[in-house]
1. How would the range 55-207 be classified by its alpha-carbon gyration tensor: rounded, prolate or oblate, with rounded meaning a/c under 1.5 and the a/b versus b/c comparison settling the rest?
2. Rounded, prolate or oblate: pick one for the range 148-236, where a ≥ b ≥ c are the square roots of the eigenvalues of its C-alpha gyration tensor, a/c under 1.5 means rounded, and failing that, prolate if a/b is larger than b/c, else oblate.
3. With an 8 Å cut-off on Cα pairs and a minimum separation of 6 or more residues, tell me the relative contact order of the range 135-248 in percent.
4. Arranged from highest to lowest average of other beta-carbon atoms within 10 Å per residue, in what order do the peptides 114-124, 215-225, 86-96 appear?
5. Using a simple spin-label model with points 7 Å from Cα along the Cα→Cβ vector, what separation in nm is obtained for Val130 and Thr151?
6. Using the Cα gyration tensor of the range 1-80, with a ≥ b ≥ c the square roots of its eigenvalues, what is the shape: rounded (a/c below 1.5), prolate (a/b larger than b/c) or oblate (neither)?
7. Between the range 15-54 and the range 98-162, what's the alpha-carbon centroid distance in Å?
Amino acid sequence: MTLPLTYEALTDVGVERSENQDACGTAEAGDYVFYFVCDGMGGHRGGSTASTMAVEVIGRVLRETDGAIELRMQLAIEAANAEIHEFARQRRDLHGMGTTVVMLGIDRAAGTAHIAHVGDSRAYRLRGDVYRRFTKDHTWVQRLVDDGVLTPEAAEHHPHSNVISRSLGGRNEVEVEFTTVLDPIADGDIFLLCSDGLYGLVDDDAVARQLGDLSLAEAPPALVRAACDAGGHDNITVQVVLVGEKSAAAEAYAVQHPPNGHGHVTGRNTVPTPAVPAPAAPPTPDERDSDELPVSIDPFSDTLPDNEQRGSGTLIIVLAAAIGVALILIATLRPPSFAVDEPTDEPEATEGSATN
Ligand code: CA
């Protein structure tokens with residue numbers, strides 16, 4: 001029996017910013033259904049251009065490409081990377097723009113879920129009372145965690161936790177990380193895709209509680225409000241996908257993890273995300289520059305100090321490099337911690353807590 005899939009998505013500018021550079025979309029092709037969230041970067045116009053282009057290109061390629069589900073996901077993300085990179089190369093004012101992507105693909109006939117990501121947008125699943133994160137951020141601080149320099153707890157609250165090491169648009173090729181969810185989808189599964197504007201401000205327990213406690217329609221606006229109440233300094237995007245019917249076991253999460261109290265909920269100018277994204281703005285030929293771009297720091301390099309930082313450029317890169325040196329000095333003075341929590345690089349094990 002094929003389980004029905006329903007979803008709700010919401011993207012919000014947040015409290016402090018004037019522009020929403022996040023975007024999200026969905027695509028359907030035969031038995032495959034795809035959901036994706038993109039978080040743009042690259043200064044004024046660049047971020048929103050990159051994320052909007054990514055959503056448009058990814059949706060188009062997913063629908064038009066033949067092949068197995070993960071192949072389609074890879075080709076779609078690679079196509080978006082190539083188009084954004086080429087567009088930025090031709091437009092001096094958009095040079096350096098890029099975006100993250102996190103994508104959930106579900107094969108309804110096979111009952112399988114597949115996750116791909118680049119950057120620090122994340123994918124989670126609430127199954128019963130188990131809330132699990134599937135993606136590992138492509139960030140500078142995650143590398144420090146991997147190297148044993150930082151604990152995961154310290155990384156979560158690090159001032160430069162948003163310096164990402166991989167993005168769409170920065171290079172002409174991109175490495176896509178796949179996570180195959182080995183256990184089949186189950187009735188009552190709730191998947192969440194989100195940008196760092198959510199998880200950076202609302203802890204996982206609080207998010208899982210909302211997912212378990214609220215209806216599918218109620219959850220996205222509640223999560224956005226929670227992020228805004230916590231400061232809302234970034235754009236916030238959430239996409240919630242429900243497999244089958246919401247289970248009583250999921251609601252058990254909210255009961256077992258009672259709220260620790262959140263502040264007053266204020267009204268926000270939230271914008272429902274259309275299922276079919278708007279097409280990206282086409283290139284303007286008369287604004288194209290020559291191929292000879294000035295030599296500058298590539299903010300998308302995989303090695304410091306050439307990492308991407310949303311919003312500002314060289315200053316943050318210099319700060320990041322300085323902090324890196326400081327951390328290395330600290331690391332030489334005391335044994336590194338290896339207290340790595342989830343997610344792991346290991347193939348997913350079945351949790352044995354499936355609902356129903
Ligand atoms: Ca963000």
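1. Numbers: a/c = 2.09, a/b = 1.06, b/c = 1.97.
Oblate shape, in that a/c is at least 1.5 and b/c is the bigger or equal ratio.
2. On the way: a/c = 1.71, a/b = 1.21, b/c = 1.42.
Judged from the Cα gyration tensor, the range 148-236 comes out oblate (a/c at least 1.5, b/c at or above a/b).
3. Working: 116 pairs, mean separation 32.6, N = 114.
29 percent.
4. Numbers: 114-124: 26.0, 215-225: 19.4, 86-96: 17.8.
Going from most to least packed, we get 114-124, 215-225, 86-96.
5. Label-label distance for Val130 and Thr151, simple model: 2.6 nm.
6. Working: a/c = 3.77, a/b = 1.62, b/c = 2.33.
Oblate shape, in that a/c is at least 1.5 and b/c is the bigger or equal ratio.
7. 17 Å
Since every read-out is calculated from the coordinates, none of them should be taken as a lab result. All of these numbers come straight from a predicted model, not from anything done at the bench. Please note: Cβ atoms are built from the backbone with ideal geometry, for glycine as well, and neighbour counts cover all protein chains shown.
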